[in-house]
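Asks: Can you read through this structure? Questions will come right after.
The values are calculated or read from the model by the stated rules, or taken from the named source; none is laboratory data. These numbers were taken from a predicted model, which means no experiment stands behind them. Reconstructed Cβ throughout: ideal geometry from the backbone, glycine too, with neighbour counts over all protein chains shown.
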């Protein structure tokens, strides 16, 4: 490299390779790790003669602690939550994934923010924790977190960074109290920080199961319920083991007649102790009675508002038996006759 090129060797995203053949983040990360440990990196380079990078680290006289690593791993805090890991360096992503899996977590992974959104859309599951590198190719980890919070208001975030000091904050606006974990880190530091972030999360009021085929309505209900503190899960295969934590089921029983009463009866059989909120676009007295007889606790007529849905869920939680409200909530059913 000539002198001008060598001077930019540690600039983030600077690369001498063609586009799509490198991120320009390797050298800056090396520099960040070395500086964090009190060292420095020197570059010697001449065109046609090659490049030498010398790493200087302070001497440490203290003995190693290899024996303690085994004990530390045995004491790693464990969990069972679902984690989305977003890290573009494959070897780092594989290492972090292994740390999390051995600690009991379910891990979804992606290399970029765009890929992470695709993983979320394909999996259709609620994520408890996002672990993301601050600097990613394309959109940043912070921008991804902001987008995902709109979908999952109870989502917690933990950012990783290999840059020294406050340089990770340059050009990014982070929420107060955002959790960070500087690279490099050990298994124990990671699992301890993950547990710390998750333990600080506001506890869910109760678990609500959504059985709604329309993606847009399901996402809307999910955000509404999560913002109110509920844990939201989605209905899966009929043969899957029922989630014992489910307190309320919200099910769309279709439009008009006949209603999807078989699905409603199946949910009542699978969740005998849960309150069931049945919703549709057209409830008459006869249709409502059929839904109640099939196992519904509360009936709702679309269109819905936040207050109506949250009130229905609260009533369904209080008692799994049918309520006394003639039409539950939402708009009144269309009149079958009128005068005047």
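Asks: Inspect the range 109-118 for any residue being surrounded by fewer than 21 Cβ atoms within 10 Å (Cβ to Cβ), more than 16 Å from residue 144 (Cβ to Cβ) and more than 11 Å from the chain's Cα centre (by Cα) and give the result as yes or no.
Replies: No: zero hits.
Asks: Within the range 62-79, identify whether any single residue is touching a strand residue (DSSP E or B) at 6+ places or on another chain (Cβ under 8 Å) and either modelled with pLDDT under 80 or closer than 16 Å to residue 183 by Cβ (or both), and answer yes or no.
Replies: No, the range 62-79 contains no residue that is touching a strand residue (DSSP E or B) at 6+ places or on another chain (Cβ under 8 Å) and either modelled with pLDDT under 80 or closer than 16 Å to residue 183 by Cβ (or both).
Asks: Go through (1) under 20 Å from residue 232 (Cβ atoms); (2) modelled with pLDDT under 90 one by one and return the number of the condition residue 183 breaks.
Replies: Looking at each condition in turn, residue 183 falls short on (1).
Asks: Among the residues of the range 103-119, which ones are closer than 21 Å to residue 183 by Cα and either assigned to a loop (DSSP other than H, G, I, E, B) or at pLDDT below 90 (or both)?
Replies: 103, 105, 111, 112 - these are the residues of the range 103-119 that are closer than 21 Å to residue 183 by Cα and either assigned to a loop (DSSP other than H, G, I, E, B) or at pLDDT below 90 (or both).
Asks: Pairs please, first residue from the range 263-275 and at positive phi and modelled with pLDDT of 90 or more, second anywhere and surrounded by 17 or more Cβ atoms within 10 Å (Cβ to Cβ) and in a loop (DSSP other than H, G, I, E, B), Cβ atoms under 6 Å, 6+ apart in sequence or on different chains.
Replies: none
Asks: Right, next: Picking from 233, 205, 246, which residue would you name as being surrounded by fewer than 20 Cβ atoms within 10 Å (Cβ to Cβ), modelled with pLDDT of 85 or more, out of contact with any helix residue (DSSP H, G or I) (no Cβ under 8 Å at 6 or more places or on another chain) and under 23 Å from residue 79 (Cβ atoms)?
Replies: Residue meeting the stated conditions: 233.
Asks: Right, another one. Within the range 150-174, take every residue that is assigned to a loop (DSSP other than H, G, I, E, B) and under 23 Å from residue 105 (Cβ atoms) and give me the one that is modelled with the highest pLDDT.
Replies: Residue satisfying both the conditions and the ranking: 155.
Asks: Within the range 120-149, which residues are surrounded by fewer than 17 Cβ atoms within 10 Å (Cβ to Cβ), assigned to a helix (DSSP H, G or I) and in contact with a strand residue (DSSP E or B) (Cβ under 7 Å, 6 or more places away or on another chain)?
Replies: Passing the criteria: only 123.
Asks: Here's another thing I want to ask about it. Please go through the range 262-312 and give me each residue that is within 20 Å of residue 229 (Cβ to Cβ) and not in a strand (DSSP E or B), ordered by number.
Replies: 274, 304, 305, 306, 307, 308, 309, 310, 311, 312
Asks: Can you tell me which residue in the range 50-61 is farthest from residue 190 (Cα to Cα), limited to those that are at pLDDT 85 or above and loosely packed, with under 10 Cβ neighbours inside 10 Å?
Replies: 50
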